[in-house]
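The values are calculated or read from the model by the stated rules, or taken from the named source; none is laboratory data. Here the structure is a predicted model, which means the values were calculated and not measured. Ideal geometry is used to build each Cβ from the backbone, glycine not excepted, and the neighbour counts take in all protein chains shown. Side chains included, ligands, DNA and RNA excluded: accessible areas come from the protein's heavy atoms. Shrake-Rupley method; radii C 1.70, N 1.55, O 1.52, S 1.80 Å.
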Number of protein chains: 2
Amino acid sequence: MMPERDLQFLTELAAQLRVDSVRAADAAGSGHPTSSMSAADLMAVLFACHLRYDFDHPGNPANDHLIFSKGHASPLLYSLFKAAGVIDDEELLSFRKHGSRLEGHPTPRLPWVDVATGSLGQGLPIGVGVAMAGRLERLPYRVWVLCGDSELAEGSIWEAAEHAGCEGLANLTAIVDVNRLGQRGPTRHGWDTGAYARRFGAFGWHTIEIDGHDPGQIDYALGDACNTRRRPTVILAKTRKGEGAVEVENREGAHGKALKNPGKAVDELGGRRDLRVEGHRPEEAPEPYRFASKPLELPAYEVGEKVATRTAYGQALAALGAARGDVLALDGEVADSTRTEAFGKEFPERFFEMYIAEQQLVAAAIGLQVRGLRPYAATFAAFLTRAHDFIRMAGVSGASIRLVGSHAGVEIGEDGPSQMGLEDLAMMRTVYGSTVLYPCDANQAAALTAEMADVEGVSYLRTTRGNTPVIYGPGERFPVGGSRVLRHSPGDRATIVAAGVTVHEALAAADELKAEGVPVGVIDLYSIKPVDSAVLVEAATTTGNLITVEDHRLEGGLGDAVMDAVSELGPRVVKLAVTELPGSATPEEQLSDARIDRQAIRQAVKRLL
Amino acid sequence: MMPERDLQFLTELAAQLRVDSVRAADAAGSGHPTSSMSAADLMAVLFACHLRYDFDHPGNPANDHLIFSKGHASPLLYSLFKAAGVIDDEELLSFRKHGSRLEGHPTPRLPWVDVATGSLGQGLPIGVGVAMAGRLERLPYRVWVLCGDSELAEGSIWEAAEHAGCEGLANLTAIVDVNRLGQRGPTRHGWDTGAYARRFGAFGWHTIEIDGHDPGQIDYALGDACNTRRRPTVILAKTRKGEGAVEVENREGAHGKALKNPGKAVDELGGRRDLRVEGHRPEEAPEPYRFASKPLELPAYEVGEKVATRTAYGQALAALGAARGDVLALDGEVADSTRTEAFGKEFPERFFEMYIAEQQLVAAAIGLQVRGLRPYAATFAAFLTRAHDFIRMAGVSGASIRLVGSHAGVEIGEDGPSQMGLEDLAMMRTVYGSTVLYPCDANQAAALTAEMADVEGVSYLRTTRGNTPVIYGPGERFPVGGSRVLRHSPGDRATIVAAGVTVHEALAAADELKAEGVPVGVIDLYSIKPVDSAVLVEAATTTGNLITVEDHRLEGGLGDAVMDAVSELGPRVVKLAVTELPGSATPEEQLSDARIDRQAIRQAVKRLL
């Protein structure tokens, strides 16, 4: 049992966290004090008694990781940082103000925050990824994730529960603040912590139900989590939203607002305090385990061979795995199709089967990169839409993850529209800080796969199902942000801009047009974002007529990227893209039906001229 | 117990379904025969003994609904349709061919298919929506969903499990074909049907574990599902992939391919048969329950008032609910923020709280519209990205659903980037057949809310958090595909195109510019898709200079929609949009930081000229 003195300190510390949460929200005029107050005891005990964290060295590999999956409880997190002595009261009161690091929801602008949260249901699956990294690197840290009860309705939570449960991630603990009240009213299960325990238990977790305002019970549960082997632990803590302030305590309609009478609440909570909680510096940790590496030898394909870019990606990734121990691969149970299996066979320790759970697939990648690892996560391009919100938030986090989408476009043929990635370029281009690459041949695909390893932020490689002719020699370089001018003559009357499968259609069309006395240029725009503005501007200025052609919907893809680069010059641009709903057909029929094949390009050029 | 004769018929029918699945895939040279063969007994017994369906009248309100959540088992579905006599053998063998209705994965081009499937984990949550419709309309039909075991890894399955379990949707039965093998190898739980039973049981479902190749057990389980009250039922059927053909039976590496030796498999299965299964026509059903209706009286706002468009949406939806009994509202536990609560208070029977589960939110809407109901599903615009894959597939289904995204753009202010819808226009524009609307004032928002009720396909309304001035009179019409020219003079030197919150910035900038002797036009492009090409072409032709300004990322939004409409004319276009990562700040600071406020517009015009 904990000594009386310690219990009193913990109670005082929790009261301080509540007071500071109320004060921060009051200074901002908004925020989520009540969602902070319910979890104050949980976090006070965690910080004071169990968290091993060296605030002077946030990058210390031995540090525990704490993720606020309920990111709206940011006032509590910032109050903890104040108690830890790493921000002062003045900064606390800058909460939500212009230029402050203390944003409405936490982001890694703060060095002690691993990932941005605020879109609910993301912290736990990302925590799974951080726990996977700990196991891979053989580090002794623990991952603590503070969840809300409302967010347990998100399917992504159960993808995380399944993965962590089946993998036995004992270094992961979810602490659920069951405060009974969501944003607009009571949650589905209210204070029925048993309902949650049955669910997590069925997924193989160790479950503990406690009173979340009792420091002794909290301490026991956190210790129990640390001592549990082979299973992740979930602590289901019954709490009261707004605990400690009569104005808001356990009341509906008090979500996401500063208190009306903060002074009274602070008084009820015993006034301001200035307690410090040192936390526990972690013991000296072993060096993170590193896998062997050797010089990179990318696969080489002969010009004229026909090889699918997805195959080249797979082989290049395997080569990259041999060259770099920090490269990992994650699969959404389609590694035979995406060709990630080439990596999996050679490096089973660094290959993670995430099954058909694309949110967890991407979240695991985000978690793994927290430790500086370089994950590649691949599935069908179409199914990456499943993880759109995670990808969006990865952009906010500045997370460096590599996504690979195979089976792009109508080119896949018979499988039909459900399997066609036709929206992926648009989705990936909108992500903050993203890089979007779309190779047309195997050597280019291999080079870009390797290049992605060092790209910061969210990067995306789009691959094609069918075999395409190799047009570039092995070893050629394709820098991010570049392009290749494949046909060019001083007399060009128009320029065709293509990428991926349409490059080959564009080349065929250009050759036919040339034979008909209509010379046109062809640009391979393999880097869709950033885009090679200089080359596009040059083409727009010289020919004044651009034809873009892409195996993607008309909206938000390559055509728009081109127009964006040249819009202020005012060239005439014709965009060829997929506008109708495809059915089943051969790849050739699909390209023809979608009017993005050589014939359609030729006609478009002639119509434009 | 079932008579021997019937058992024999069922066994023969199942063999026929397997034979036809093998033959269809053989004719196509691709497809998923093995995933069809594992479920053949399950579907034979369902069709012969339990499904109530009038194939002559697919729209009969009393019809049961059958959804193949494992859409890749399409050969089985089409073989069932052949056995039911609604397609002939010739059509069966057109599987996956150009122009055939029998696509690689089922779509509603077939009148007996409610929704397109093929993206796994979608059929069950959509089935939840169809079951909700049955309860709402007081119809006696049952909803049968055939799931694969691999897809149970999808979080969306557990969102569905939670909703159906808590709501006690006894008219819903999931039949899980536990064939142990996913695409690339064994599933996580193999044949451990108990693992799935524990999970579904924890979510409140009635669970039955059976041998999925034993017609007697199947019949018993299906009957038990029909007789179960107050709980949905899941039948966990242990099966063997490729059952009945030695070449593929229970073998890895046999997923998604035609058999190498189909003739041998057909022989092993006893050769071709031509059995018919009539199915049971449903008994005369009561008329679907209809809610009262009365003439529409939209809310009216006075010009000059300041009202948030989200508020106008909520009030208009409530008015629409009174006018039309078929209008429903679904909420992602943010109805107070989206303002859907106005509807919920007046029409609780037609208001569905889906909690924080955006995939199920959208899936329920898709399921409800199967019965011709008109659902509006609302959450923060940012969080609709969570349901991107469902929205994409709704486009493939031709589903008529109405989505509403509030808290668009940086305008939300202090909450920060996690809560800002900055990618939603791009996402919604890429959806096949979608309509994208973005009102700038309350009367326009109300009018568009009402107009959406009759829009076919996926439609989207984007609303703003803060109050904006009312600039249009009550009762004005805003047809889909239209725009409003707000400033125009013969001497205009440029035209500003805006929507939503930036309309007001554009008007202010135009007024300032006019005072400085630079007349510019202003267009309110409230219909982002379809876009008013005629008006944009007119502006591009007359002024030759366009400035687009939007509270959205640079990629895929309003600016791209405008460029698309005028690209072949070659005007000069400057796009103002959000390019950096916002933090927390006031709405005014955010608009200024993002360079999309009146000041930035003025400078852009001057720079362009």
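Can you pull out the residues in the range A:406-420 that are part of a strand (DSSP E or B) and either among the hydrophobic types (A, V, I, L, M, F, W, C) or touching an Asp or Glu at 6+ places or on another chain (Cβ under 7 Å) (or both)?
A:Ala408
For the range A:147-163, enumerate the residues that are farther than 19 Å from A:Tyr355 by Cα and either part of a strand (DSSP E or B) or not hydroxyl-bearing (Ser, Thr, Tyr) (or both).
A:Cys147, A:Gly148, A:Asp149, A:Glu151, A:Leu152, A:Ala153, listed by residue number.
Does at least one position in the range B:134-152 carry a residue that is among the polar types (S, T, N, Q), touching a helix residue (DSSP H, G or I) at 6+ places or on another chain (Cβ under 7 Å) and under 27 Å from A:Ala363 (Cβ atoms)?
no
Name the pairs: first residue in the range B:17-46 and in the same structural domain as B:Val176 (by TED's automatic domain parsing), second residue outside any helix (DSSP H, G or I) and among the acidic types (Asp, Glu), Cβ to Cβ under 7 Å, at least 6 apart or on different chains?
B:Ala28/A:Glu414; B:Ser30/A:Glu414; B:Met37/B:Glu243; B:Ser38/B:Asp177; B:Ser38/B:Glu243; B:Ala39/B:Asp177; B:Leu42/B:Asp177
Being more than 14 Å from chain A (Cβ to nearest Cβ) and either closer than 30 Å to A:Pro582 by Cα or surrounded by 24 or more Cβ atoms within 10 Å (Cβ to Cβ) (or both) is true for just one of B:Pro519, B:Pro417, B:Pro479. Which residue is that?
B:Pro479
Here is a yes/no grid of residues against (1) at pLDDT below 95; (2) open to solvent by 40 Å² or more (accessible area, probe 1.4 Å); (3) at positive phi:
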site: A:Val234; (1), (2), (3): no, no, no
site: A:Thr239; (1), (2), (3): no, no, no
site: A:Ala245; (1), (2), (3): no, no, no
site: A:Gly253; (1), (2), (3): yes, yes, yes
site: A:Lys264; (1), (2), (3): no, yes, no
site: A:Gly271; (1), (2), (3): no, no, yes
site: A:Arg281; (1), (2), (3): yes, yes, no
site: A:Glu297; (1), (2), (3): no, yes, no
site: A:Val307; (1), (2), (3): no, no, no
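Of all residues in the range A:423-433, how many are open to solvent by less than 10 Å² (accessible area, probe 1.4 Å), more than 7 Å from chain B (Cβ to nearest Cβ) and not β-branched (Val, Ile, Thr)?
Number of matching residues: 3.
Here are some residues: B:Val307, B:Val277, B:Val266, B:Val303. Which one is under 24 Å from B:Asp26 (Cα atoms) and either outside any helix (DSSP H, G or I) or touching a Leu at 6+ places or on another chain (Cβ under 8 Å) (or both)?
Numbers: B:Val307 fails: under 24 Å from B:Asp26 (Cα atoms); B:Val266 fails: either outside any helix (DSSP H, G or I) or touching a Leu at 6+ places or on another chain (Cβ under 8 Å) (or both); B:Val303 fails: under 24 Å from B:Asp26 (Cα atoms).
Step by step, each of B:Val307, B:Val277, B:Val266, B:Val303 is checked, and only B:Val277 is under 24 Å from B:Asp26 (Cα atoms) and either outside any helix (DSSP H, G or I) or touching a Leu at 6+ places or on another chain (Cβ under 8 Å) (or both).
Could you tell me which of the residues A:Asp331, A:Asp415 is touching a Phe, Trp or Tyr at 6+ places or on another chain (Cβ under 8 Å), touching a residue at least 24 places away in the same chain (Cβ under 8 Å) and assigned by TED's automatic domain parsing to the domain that holds A:Val436?
Exactly one residue qualifies, and that residue is A:Asp331.
Could you tell me whether any residue of the range A:1-23 is of a type in the set (Lys, Arg) and within 29 Å of A:Ala285 (Cα to Cα)?
Checking the range A:1-23: not a single residue is of a type in the set (Lys, Arg) and within 29 Å of A:Ala285 (Cα to Cα).
Taking helices (runs of 4 or more DSSP H) that do not extend beyond the range B:29-146, which have at least 2 residues that are away from chain A (no Cβ under 14 Å) and open to solvent by less than 10 Å² (accessible area, probe 1.4 Å)?
Those helices (runs of 4 or more DSSP H) span B:33-37, B:40-45, B:74-83, B:123-137.
For the range B:190-221, which residues satisfy the criterion of being out of contact with any Asp or Glu (no Cβ under 7 Å at 6 or more places or on another chain) and at the interface with another protein chain (Cβ under 9 Å from one of its Cβ atoms)?
Hits for the range B:190-221 are B:Ala195, B:Arg198, B:Arg199, B:Phe200, B:Gly201, B:Ala202, B:Gly204.
Report yes if some residue within the range B:364-372 is of a type in the set (Lys, Arg), outside the structural domain of B:Ile157 (by TED's automatic domain parsing) and either assigned to a helix (DSSP H, G or I) or surrounded by fewer than 24 Cβ atoms within 10 Å (Cβ to Cβ) (or both); otherwise report no.
For the range B:364-372, residues of a type in the set (Lys, Arg), outside the structural domain of B:Ile157 (by TED's automatic domain parsing) and either assigned to a helix (DSSP H, G or I) or surrounded by fewer than 24 Cβ atoms within 10 Å (Cβ to Cβ) (or both): present.
Out of all the residues in the range B:528-544, is one or more within 14 Å of B:Val501 (Cα to Cα) and either free of Cβ contacts under 8 Å to residues at least 60 places away in the same chain or open to solvent by 10 Å² or more (accessible area, probe 1.4 Å) (or both)?
Checked the range B:528-544: no residue is within 14 Å of B:Val501 (Cα to Cα) and either free of Cβ contacts under 8 Å to residues at least 60 places away in the same chain or open to solvent by 10 Å² or more (accessible area, probe 1.4 Å) (or both).
Could we say that B:Lys257 is part of a loop (DSSP other than H, G, I, E, B), open to solvent by 40 Å² or more (accessible area, probe 1.4 Å) and farther than 30 Å from B:Asp26 by Cα here?
On the way: part of a loop (DSSP other than H, G, I, E, B): yes; open to solvent by 40 Å² or more (accessible area, probe 1.4 Å): yes; farther than 30 Å from B:Asp26 by Cα: no.
The answer is no for B:Lys257.
Scan A:Val436, A:Val396 and give me the residue that is open to solvent by 10 Å² or more (accessible area, probe 1.4 Å), facing chain B (nearest Cβ under 10 Å) and not in a loop (DSSP other than H, G, I, E, B).
A:Val396
I'm trying to understand the selection: among the residues of the range A:159-180, which are open to solvent by less than 10 Å² (accessible area, probe 1.4 Å) and either over 23 Å from A:Val130 (Cα atoms) or not assigned by TED's automatic domain parsing to the domain that holds A:Arg229 (or both)?
Result: A:Val178, A:Asn179.
Does A:Ile496 qualify as being more than 14 Å from chain B (Cβ to nearest Cβ), closer than 20 Å to A:Arg429 by Cα and not in a helix (DSSP H, G or I)? Full working, then the answer.
Numbers: more than 14 Å from chain B (Cβ to nearest Cβ): yes; closer than 20 Å to A:Arg429 by Cα: no; not in a helix (DSSP H, G or I): yes.
The answer is no for A:Ile496.
Report whether or not B:Ala499 is in contact (Cβ under 8 Å) with a residue 60 or more places away in the chain, open to solvent by 10 Å² or more (accessible area, probe 1.4 Å) and aliphatic (A, V, I, L, M).
For B:Ala499, the condition - in contact (Cβ under 8 Å) with a residue 60 or more places away in the chain, open to solvent by 10 Å² or more (accessible area, probe 1.4 Å) and aliphatic (A, V, I, L, M) - is not met.
Looking at (1) within 28 Å of A:Arg392 (Cα to Cα); (2) over 27 Å from the mean Cα position of the chain (by Cα); (3) not hydrophobic (A, V, I, L, M, F, W, C), which is the one condition that is false for B:Gly491?
With respect to (1) within 28 Å of A:Arg392 (Cα to Cα); (2) over 27 Å from the mean Cα position of the chain (by Cα); (3) not hydrophobic (A, V, I, L, M, F, W, C), B:Gly491 is out only on (1).
For the range A:535-586, which residues satisfy the criterion of being under 23 Å from A:Arg465 (Cβ atoms), away from chain B (no Cβ under 11 Å) and assigned to a loop (DSSP other than H, G, I, E, B)?
Those that are under 23 Å from A:Arg465 (Cβ atoms), away from chain B (no Cβ under 11 Å) and assigned to a loop (DSSP other than H, G, I, E, B): none in the range A:535-586.
Could you figure out which of (1) closer than 16 Å to B:Ala133 by Cα; (2) open to solvent by 10 Å² or more (accessible area, probe 1.4 Å); (3) within 11 Å of chain A (Cβ to nearest Cβ); (4) among the hydrophobic types (A, V, I, L, M, F, W, C) isn't true of B:Phe347?
Looking at each condition in turn, B:Phe347 falls short on (3).
For the range B:193-206, does any single residue satisfy the condition of being open to solvent by 40 Å² or more (accessible area, probe 1.4 Å) and touching a residue at least 12 places away in the same chain (Cβ under 8 Å)?
The answer is no, given that none of the residues of the range B:193-206 is open to solvent by 40 Å² or more (accessible area, probe 1.4 Å) and touching a residue at least 12 places away in the same chain (Cβ under 8 Å).
Looking at the range A:589-609, which of its residues are of a type in the set (Asp, Glu) and within 10 Å of chain B (Cβ to nearest Cβ)?
Of everything in the range A:589-609, those that are of a type in the set (Asp, Glu) and within 10 Å of chain B (Cβ to nearest Cβ) turn out to be A:Glu589, A:Asp593.
Condition first: buried (at least 18 other Cβ atoms within 10 Å of the Cβ), assigned by TED's automatic domain parsing to the domain that holds A:Phe343 and among the β-branched types (Val, Ile, Thr). Can you find one or more residues in the range A:455-462 that meet it?
Within the range A:455-462, one or more residues are buried (at least 18 other Cβ atoms within 10 Å of the Cβ), assigned by TED's automatic domain parsing to the domain that holds A:Phe343 and among the β-branched types (Val, Ile, Thr).
Does the range A:230-273 hold any residues that are of a type in the set (Asp, Glu) and under 37 Å from the mean Cα position of the chain (by Cα), and which are they?
Residues of the range A:230-273 that are of a type in the set (Asp, Glu), as a first pass: A:243, A:247, A:249, A:252, A:267-268.
Hits for the range A:230-273 are A:Glu243, A:Glu249, A:Glu252.
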